Amino acid sequence: MAAAWSMSDAAAPGAAPFGSAHHKDAFLLFRALCKLSMKGGPDADASGAEPISMQSKVLSLELLLSVVEHAGPAFRRGPRFVGAVRQYLCVSLLKNCTSHVTHVVALSLRLFVALVDGFRGRLKSEVEVFISHIFLRILDSGNSTHEHKLLVLEVFHRLCNDVDGLVELFLSYDADFDSIDIFRHIVVALARVVKGPSDKPGAAETATEQGKGAARNDAALRRLALSGLVTTLTSLARACDVDAGDAGTETGDDDVETRGEGPEPPSLARASSSQPRLAPPPPETTTSSAPTSPRAAPPPSGESAKRVE
């Protein structure tokens, strides 16, 4: 099988030669993992009829994540490896990002973040397709699950937390007249999640257990989206050499903290302040700080009164 693959690659027109036999083996192994991660439909469940296929998919995605995160300059700059990432890995992520298995979606989104970090300048069109046609649609769709929306918001949070990456994202897409305004779409999507749905349930619906669970899920989404907006402003302030301080982040986390019951989302990273807020000191009383009025002058004596007359 490897011999057939190598013969097909060698016969490809314009294919750059490998630097060594190790580079060739790495290319073949990487492509095999990408093809293995594509097997199994997006609706297959780990507890369904094909557990081995799903386990192979998950294992291949984990290995691909390790490869991308620990890739060296030969992998990130080599034309054959970059072409394999564009031709095989991106296609695999397109299929797995729409899976109904949460663990598969989480691994796929982690792979996307690793690709943005390592191949940002070489995958411009691919990153645009992922954000505009997959992630934003997951947030806007009413059929998307709460876990999938949380994972997408976590991806946006990580992208906005990278100062250099956020500036490069704006310059590569929003400042380019031929591209979609990716930065603006991300900010608008986060603000839309913070605002909440237009058709909010009534008091009778929220009184049930299902309604309480939906309210907690919406609160978690709004909290993470608001944290993403705060992170975006903080990154922009750092890019402009403006001292944003830590008060803005603490205020954002405290103001959107939900008081409801239920477990917190596991992927939500929240900064906890060890020092509680202090109440403002009471205003000072006017009696202790009021200035004393000047004493009235004594009436003039008789002689001075005569002089005045």
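The values are calculated or read from the model by the stated rules, or taken from the named source; none is laboratory data. Fair warning: this is a prediction, and the values are worked out from it, not measured in the lab. No Cβ is skipped: glycine too gets one built from the backbone with ideal geometry, and neighbour counts run over all protein chains shown. SASA here: full protein model, heavy atoms, side chains in, ligands and nucleic acids out. Shrake-Rupley method; radii C 1.70, N 1.55, O 1.52, S 1.80 Å.
Brief remarks on what is shown
- Qualifying residue in the range 194-214 (condition: among the hydrophobic types (A, V, I, L, M, F, W, C) and at pLDDT 90 or above): yes
- Among the residues making up the range 101-116, those that are more than 17 Å from residue 33 (Cβ to Cβ) and among the aliphatic types (A, V, I, L, M) are 101, 105, 106, 109, 113, 116.
- Matching residues, the range 110-127, being open to solvent by 40 Å² or more (accessible area, probe 1.4 Å) and not in a loop (DSSP other than H, G, I, E, B): 110, 117, 124, 125
- Only listed residue being crowded, with 21+ Cβ neighbours inside 10 Å and over 26 Å from residue 149 (Cβ atoms), chosen from 85, 105: 85
- Criterion applied to 94, 61 was being in a helix (DSSP H, G or I), open to solvent by less than 40 Å² (accessible area, probe 1.4 Å) and closer than 30 Å to residue 185 by Cα, and the one residue passing it is 61.
- Candidates 157, 133, filtered to the one that is at pLDDT 90 or above, under 19 Å from residue 227 (Cα atoms) and not hydrophobic (A, V, I, L, M, F, W, C): 157
- Among residues of the range 52-70 that are acidic (Asp, Glu), those with a Cβ under 7 angstrom from a residue that is surrounded by 15 or more Cβ atoms within 10 Å (Cβ to Cβ), sequence gap 6+ or separate chain, pair up as 62/107; 69/114.
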